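Enquirer: I have a structure I would like to understand better, so I am pasting it below and will then ask my questions one at a time.
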Amino acid sequence: RGEWVEPRYSSTFLFPVKALSNVFRAKFLSGLIAAHSRGDLKLPDELTQFSDLCAFRQWLFHTVPKAWVVYSKPPFSGPAEVVKYIGRYTHSTAISNNRIISVKDDTVEFWFKNTRNKSRWETTSLPVMEFIDRFLLHVLPK
């Protein structure tokens, strides 16, 4: 009717976690079966007996636990927080110009924060095409 309806459990969560878990499990397994049907799922050598779709579905049915637990965080504190959160991703670039040290001989050298080493700033270099591939992983779809 064009009116905002407050979710039933809005003070604690947007969706009941049990229902979210069931839907996530169903969607995940459906996607896995679809990937297998298209031939996009590469099984390791020890699982070649499941290359047949029917055998694969049976294996999933008997192996995958029925109850899944999906980690769920409390909702944002309001619309302003949502806008700030999304804005950090939509209005920044994956790497700023001042972090690029040089581009020469088909190689890009740049600074990065090594989170495995106490978040220290270090330098590394990548082939240009690898750098572009990694950069494009951060470009949002239309």
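The values are calculated or read from the model by the stated rules, or taken from the named source; none is laboratory data. As the structure is a prediction and not an experimental result, all values here were calculated from the model. Quick reminder, even Gly has a Cβ in these numbers, built from the backbone with ideal geometry, and neighbours come from all protein chains shown. For the accessible areas, the whole protein counts, side chains as well, though only heavy atoms, and no ligand, DNA or RNA atoms are used. Shrake-Rupley method; radii C 1.70, N 1.55, O 1.52, S 1.80 Å.
Enquirer: Give the residue from 16, 108, 51 lying farthest towards the positive end of the charge dipole for the chain; charges sit on Cβ (+1 for Lys and Arg, -1 for Asp and Glu) and the dipole is referred to the Cα centre.
Expert: Of 16, 108, 51, it is 16.
Enquirer: If I take R0 = 30 Å and measure r between the Cβ atoms of residue 26 and residue 93 in this structure, what FRET efficiency does the formula 1/(1 + (r/R0)^6) give, to the nearest 0.05?
Expert: Working from the Cβ atoms, E equals 0.20.
Enquirer: Counting only heavy atoms of protein chains, what accessible area per residue, in Å², does the chain have with a probe of 1.4 Å?
Expert: Ligands and nucleic acids excluded, the result is 86 Å² per residue.
Enquirer: Cα to Cα, under 30 Å, and not fewer than 8 places away if on the same chain: which lysines meet these conditions relative to residue 118?
Expert: 73, 84, 104
Enquirer: Given Cβ point charges of +1 (Lys, Arg) and -1 (Asp, Glu) and nothing else, what value in debye, to the nearest 20, does the dipole of the chain about its Cα centre take?
Expert: Dipole size: approximately 640 debye.
Enquirer: Could you work out the local net charge near residue 135, counting Lys and Arg as +1, Asp and Glu as -1, over the other residues with Cβ closer than 15 Å to its Cβ? Let's see the in-between values first.
Expert: On the way: positive: 99, 134; negative: 109, 130, 133.
Spelling it out: positives minus negatives among the neighbours equals -1.
Enquirer: Treating only the Cβ atoms of Lys and Arg (+1) and Asp and Glu (-1) as charged, compute the dipole magnitude of the stretch 17-75 about its Cα centre; round to the nearest 20 debye.
Expert: 440
Enquirer: Along its three principal axes, how long is the chain when you only count alpha carbons? Whole Å, largest extent first please.
Expert: The Cα atoms of the chain stretch 53, 53, 35 Å along their principal axes.
Enquirer: On to the next question. Between rounded, prolate and oblate, where does the stretch 61-120 land on the alpha carbon gyration tensor, with a ≥ b ≥ c its root eigenvalues, rounded for a/c under 1.5, else prolate if a/b exceeds b/c?
Expert: Oblate, because a/c is 1.5 or more while a/b does not exceed b/c.
Enquirer: What does the net charge come to around residue 37 if you take all other residues with beta carbon closer than 14 Å to its beta carbon, with K and R at +1 and D and E at -1?
Expert: Around residue 37, the surrounding residues sum to +1.
Enquirer: Run lengths n ≥ 4 of DSSP H only: what is the helix-derived mean residue ellipticity at 222 nm for the chain, with -39500 (n - 2.57) per run over all residues, to the nearest 500?
Expert: Theoretical 222 nm ellipticity from helices: -12000 deg cm²/dmol.
Enquirer: I would also like to ask the following. Carbon-plus-sulfur fraction of the accessible area of the stretch 17-75, 1.4 Å probe, in percent?
Expert: The nonpolar share, carbon plus sulfur, comes to 64 percent.
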